[in-house]
Amino acid sequence: MTGRTGAAAPARAGETALPTWTRRHVLSTEDWSRGEIELVLENTVAMREILSRPVRRAPPLRGRTVVLFFAEASTRTRVSFELAAKALSADVVNISAAGSSVEKGETLLDTVRTLEALGGDIIVMRHGASGAPYFVADRTSAAVINAGDGWHAHPTQGLLDAYTLRDALGDLAGKRVVIVGDVLHSRVARSDIHTLVPLGAEVTLSGPPTLMPLAWRCGAVPRGVSYEPDLDRALDGADAVIALRLQRERAESGLLPSLREYARVWGLTEARVGRMRPGAPVMHPGPMNEGIEIEAAVAHGARSLIETQVTNGVAVRMALLYLLAGQP
Amino acid sequence: MSILLAADDVRRAITRIAHEIVEREPDPSRLAIVGIRARGDVLAMRLRDALRSIAGREVPLGSLDITLYRDDLTRIGYSPTIHRTDIPFSVDDRVVVLVDDVLFTGRTIRAAMDAVVDYGRPRAIRLAVLVDRGHRELPIRADFVGKNIATAPGDDVRVRLAEADGRDEVELAQRVPA
């Protein structure tokens, strides 16, 4: 039979050719081509459809084991990966640092050897140390997905934010997206930049200078990115805003005068989001500190895509699991 | 290389299949047509149009991408883009006619049946194909066939349809013995 038995289906009119997937791991989107990002987003559309069916399950990962290794607290990302793996019929094993032998002093390398010996085909890991997933990827035959490493990267969040924005705004070329908050300590901000900029968006960072990387604060920003300390000015005419979670300990460590002041100067209020283009969406990676970085009325208002982000997150992770599982 | 079906033959085959479907399922309100991407969905659309002019009724139309239901995820270099599956109606208690261009090993149809039952419980699933080229690997047969063709396992049957390829034609490319 022609088609479907190996030869790629011919592209339809209006469909741009997407690259072949060759990656064995998903560690950061920093070195991805635009085509690779588009390929994941395109497959996410099909995965969303599966999640809307009466039976939210398809069989491609039957017989595969996905190990969720979370050495740092997480509920929504872990559950999102678990739902994604199960929707593709994979077996799921959960290992968290608390209650595992990591607490007894087992090294990361020993833990990884154990995970592999258990038959994990794909390891989804979150770790407090930047770069830990790279260390693991170099030392295992399993595929590794970075679910957040230190301040470095959270590629699946970047991809789900890009998918959500594209779904809401269409083509991101020339669209201006504001990211406000603690950019310095934020792997979400970095991954958002590394996904949105290749898709043509312009990213305006805003937030206290003490919570910006020093070089960026001084003007040496990456391509497609600018820094505007005045949030009102940053929001004027913007196409979307992403508020970052503020860790409460930042105030204790002296980077902020107080949480109350942060909320007054950098919090998303209805008046502030009204400066954006009509209907411009508001996003947040969660979990939110309502009343600090975002007002409840904004978080649950008509512009909020925060719940949509959660649903899209499952679909994006399905697309990545599927692509990685297809690699020999 | 030889032409098995010319544009006129393709058109006649679709019309004949439409008549056979109406004969077998006289109540069009129970019918639904689901095409398998990337050629079956085009044929399904034409079959829906033919049924409209024969039975005078609109039959719901869907399309199916079976990539996620294949049994060879890592065995071949596959095309990883999953196209949208679009079944905008309930399949419960309907007679779902699956439509594909070529019936060969039957593995695609096995995958498509798995996909359809994930959407509900059809009263029956039937199969319509433009070409049956033999060499089944699974116990599957078509209910409606445009043309049966004797082929060797290594031959290539190429279906071209105007909507995707500019013209209607079915061609047999025989394997050249090494």
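No value in this document is a laboratory result; all are computed from the given coordinates. Given the structure is predicted, the values throughout are model-derived calculations rather than measurements. For neighbour counting, all protein chains shown are included, and Cβ atoms are generated from backbone atoms with ideal geometry for every residue, glycine included.
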GNM top mover of A:GLN157, A:GLN247, A:GLN309 - chain A, alpha-carbon springs below 10 Å: A:GLN247
Suppose R0 equals 25 Å; then what is the FRET efficiency for A:THR114 and A:SER253 from their Cβ-Cβ distance, rounded to the nearest 0.05? 0.10
Give me the mean projected area, in nm² to one decimal, of the convex hull enclosing the Cα positions of the protein assembly as shown. 27.5 nm²
At q = 0.08, 0.17, 0.21 1/Å the base-10 log of I(q)/I(0) from the Debye formula over the alpha-carbon atoms of the stretch A:155-305 is -0.18, -0.91, -1.45
If you add up the charges near B:ARG123, with Lys and Arg at +1 and Asp and Glu at -1, over every other residue whose beta carbon is less than 9 angstrom from its beta carbon, what do you get? +1
Taking amide H positions as placed in the peptide plane 1.01 Å from N, state which residues far from A:GLY128 in sequence (5 or more) or on other chains have amide H under 5 Å from it. A:GLY150
Roughly how many whole Å is it from the C-alpha centroid of the stretch B:1-58 to that of the stretch A:194-266? 58 Å
As a footprinting exposure proxy, order B:VAL157, B:VAL102, A:VAL197 by other Cβ within 10 Å, with the fewest listed first. A:VAL197, B:VAL157, B:VAL102
Determine the relative contact order of chain A: mean sequence separation of Cα pairs under 8 Å and six or more apart, normalised by residue count, in whole percent. 19 percent
Using the per-residue mean of other Cβ atoms lying within 10 Å as a proxy for protection, in what order, highest first, do the peptides A:72-85, B:50-63 fall? A:72-85, B:50-63
Neighbour counts of other C-beta atoms within 10 Å: give me B:TYR119, A:TYR322 arranged from fewest to most. B:TYR119, A:TYR322
Cut-off under 5 Å, modelled amide H: who pairs with B:LYS147 long-range: B:VAL131, B:ASP132
Within the stretch A:230-244, whose backbone N sits under 17 Å from a point 7 Å along Cα→Cβ of A:THR308? A:238-243
Of all C-alpha pairs within chain B, those more than 26 angstrom apart amount in percent to 27 percent
Put a dot 7 Å past each Cα toward the Cβ at A:THR22 and A:ARG56; how far apart are the dots in nm? 3.6 nm
Once amide H atoms are placed 1.01 Å from N in the peptide plane, what residues at a sequence separation of 5 or more from A:ILE242, or on another chain, have their amide H within under 5 Å of its amide H? A:VAL178, A:ILE179, A:VAL180, A:MET283
FRET efficiency, A:GLU270 to A:THR210 (Cβ-Cβ, R0 35 Å, nearest 0.05): 0.85
Give a quick list of trypsin sites (Lys or Arg not before Pro) in the stretch A:143-233 that DSSP marks as loop, anything other than H, G, I, E or B, with at most 15 other Cβ atoms within 10 Å. A:ARG223
For a footprinting-style exposure proxy, rank B:ILE82, B:ILE87 by other Cβ within 10 Å, fewest first. B:ILE87, B:ILE82
Semi-axes of the stretch A:266-316 from the Cα gyration tensor (sqrt of 5 times each eigenvalue, largest first, whole Å) come to 19, 14, 8
Hey, got the dipole for chain A? About the Cα centre, +1 on K and R Cβ, -1 on D and E Cβ, debye to the nearest 20? 620 debye
Compute the relative contact order of the stretch A:155-305 as a whole-number percentage, counting only Cα pairs closer than 8 Å that sit 6 or more residues apart in sequence. 23 percent
